[in-house]
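Enquirer: Mind looking over this structure? Questions follow.
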């Protein structure tokens, strides 16, 4: 069962220690000690590298949803985020590491990056970003009323109930459009927080 509030659109689209018993064993002991020390240094560097990777992946740039958001989108800028419409794939790789997954979502091929969790990035034939889907942890606000207050009235809203055996709302969408760029927010229902933002530039 599907109940549309306003006209909507369809978005197509990873020691051993040795005590020498005689002086003849001293060189072997020294080698073992050096080996232990060397392994300790390597292990330490590995730990530092892992910590650095975790820090990189945990550093989140928040999309700023304020009165300037739509006008910035009009200029292909996703305000507060490190990737914009038109960013080259090579730049995204430089920022967030290699692609670890590719698959299709709403009809488009997306890429996921090693140090960019919960974000789907879509590239055009010239390897430029034309669409991006972000989970709510990348948004500076997720309250539906607050978002509507700063962005204004959506051009479309839709409530979908995919389970006809209940009256509960399964998904709620509300959308904006600026020039040829669509901005779609998604939530479980009209009272719950937004859980994703999908931005699509249509040619």
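Enquirer: Could you please find all residues in region 101-111 being out of contact with any helix residue (DSSP H, G or I) (no Cβ under 9 Å at 6 or more places or on another chain), surrounded by 13 or more Cβ atoms within 10 Å (Cβ to Cβ) and not in a loop (DSSP other than H, G, I, E, B)? Don't jump to the end; show me each part of the working.
Expert: To start, the set of residues in region 101-111 that are out of contact with any helix residue (DSSP H, G or I) (no Cβ under 9 Å at 6 or more places or on another chain) comprises 101-110.
When the remaining residues are screened for being surrounded by 13 or more Cβ atoms within 10 Å (Cβ to Cβ), the result is 105-106, 108, 110.
Matches in region 101-111: 105, 108, 110.
Enquirer: Have a look at 113, 174 and point out the one that is farther than 25 Å from residue 70 by Cα and in contact with a strand residue (DSSP E or B) (Cβ under 8 Å, 6 or more places away or on another chain).
Expert: Numbers: 174 fails: farther than 25 Å from residue 70 by Cα.
It is 113.
Enquirer: Residues that are in contact with a helix residue (DSSP H, G or I) (Cβ under 7 Å, 6 or more places away or on another chain), modelled with pLDDT of 95 or more and under 16 Å from residue 184 (Cα atoms): does region 130-149 have at least one? Write out each step before concluding.
Expert: So the first thing to find is which residues in region 130-149 are in contact with a helix residue (DSSP H, G or I) (Cβ under 7 Å, 6 or more places away or on another chain), and the list is 141-142.
If we keep only those that are modelled with pLDDT of 95 or more too, we end up with 141-142.
Narrowing the set further to residues that are under 16 Å from residue 184 (Cα atoms) leaves 141-142.
Checked region 130-149: at least one residue is in contact with a helix residue (DSSP H, G or I) (Cβ under 7 Å, 6 or more places away or on another chain), modelled with pLDDT of 95 or more and under 16 Å from residue 184 (Cα atoms).
Enquirer: Can you confirm whether region 112-123 contains a residue that is surrounded by 15 or more Cβ atoms within 10 Å (Cβ to Cβ) and assigned to a loop (DSSP other than H, G, I, E, B)?
Expert: The answer is yes; a qualifying residue exists.
The values are calculated or read from the model by the stated rules, or taken from the named source; none is laboratory data. Being a predicted model, the structure only gives us computed values, none of them experimental. So basically every Cβ, Gly included, is an ideal-geometry build from the backbone, and we count neighbours across all protein chains shown.
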